[in-house]
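Have a look at the structure below before the remarks.
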Amino acid sequence: MNKITEMLMHGGIGIIATDTLYGIVGQALNHDAVQRIYAVKQRTPTKPFIILIHDISDLALFNVVVTQTMQESLNTYWPGPVSIILECNDPSFEYLHRDTDSLAFRMPAKPEVQEILKFTGPLVAPSANPEGMPPAHDIAAARNYFGDSVDFYSEGSVNDKASKIIKITGRGIEVIRP
């Protein structure tokens, strides 16, 4: 665990078992790490990543304003396998929101991931696969996809289901991906 957090804190990227799928992770507040993941995944540059957070207070790092009503909704879904899209129109986070003026966050329930997040801060965590390919279901598949282009691989258990994605707006909750 210490080696993984150290690599991440120094701009590294790698594969970990999240509470949903294997993800390719890097520090969300490290522009170079985020750009590297886009390149390694061959991701369409206009598609934002999901960001894993340790606590609701981490949303303040992205200048996301959390109202009391929003806080109650977030507490209903988190921690757990639900990614929630929230408004973020701060231009300094364009490298994350990709001109969508919103970001998707998830607070995982998995203790191992929470422990990593406690030390590294928020992590971008798209699924571990090149765009258009099925998500890696094990470390062997992830290695086959990425080889030496990532800094580490960490095996663990996953539930092999992508997170549910919802969007919280002033009008209510919209389900984006069931």
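Rule-based calculations on the coordinates, nothing more; no lab input. All values reported here derive from a predicted model rather than from experimental measurement. FYI the Cβ positions are ideal-geometry reconstructions off the backbone, even for glycines, and counts take in every protein chain you see.
For the chain, the longest principal axis of the Cα atoms and the long axis of helix 31-41 meet at an angle of about 60 degrees. Once both labels are positioned 7 Å from their Cα atoms along Cα-to-Cβ, the gap between Asn63 and Thr100 label points is 1.9 nm.
Relative contact order of the range 2-177, please, whole-number percent, based on alpha carbon pairs below 8 angstrom and at least 6 residues apart.
Working: 341 pairs, mean separation 61.4, N = 176.
Computed value for the range 2-177: 35 percent relative contact order.
Identify which of the listed values of Rg and Dmax of the Cα atoms in Å was calculated from the structure shown: (i) 18.5, 62; (ii) 15.1, 45; (iii) 21.2, 64. Of the listed options (i) 18.5, 62; (ii) 15.1, 45; (iii) 21.2, 64, (ii) comes from this structure.
Treating each Cα of the range 89-172 as an identical point scatterer and ignoring solvent, apply the Debye formula and state log10 I(q)/I(0) at q = 0.14 Å⁻¹. The calculated log intensity ratios at q = 0.14 Å⁻¹ are -0.67.
Computed over the chain, the per-residue total of -39500 (n - 2.57) for DSSP H runs of n ≥ 4 gives a 222 nm mean residue ellipticity of -8000 deg cm²/dmol, rounded to 500.
Within the range 149-178, which trypsin sites (Lys or Arg not before Pro) sit in a loop by DSSP and count at most 12 neighbouring Cβ atoms inside 10 Å?
Lys161, Arg171
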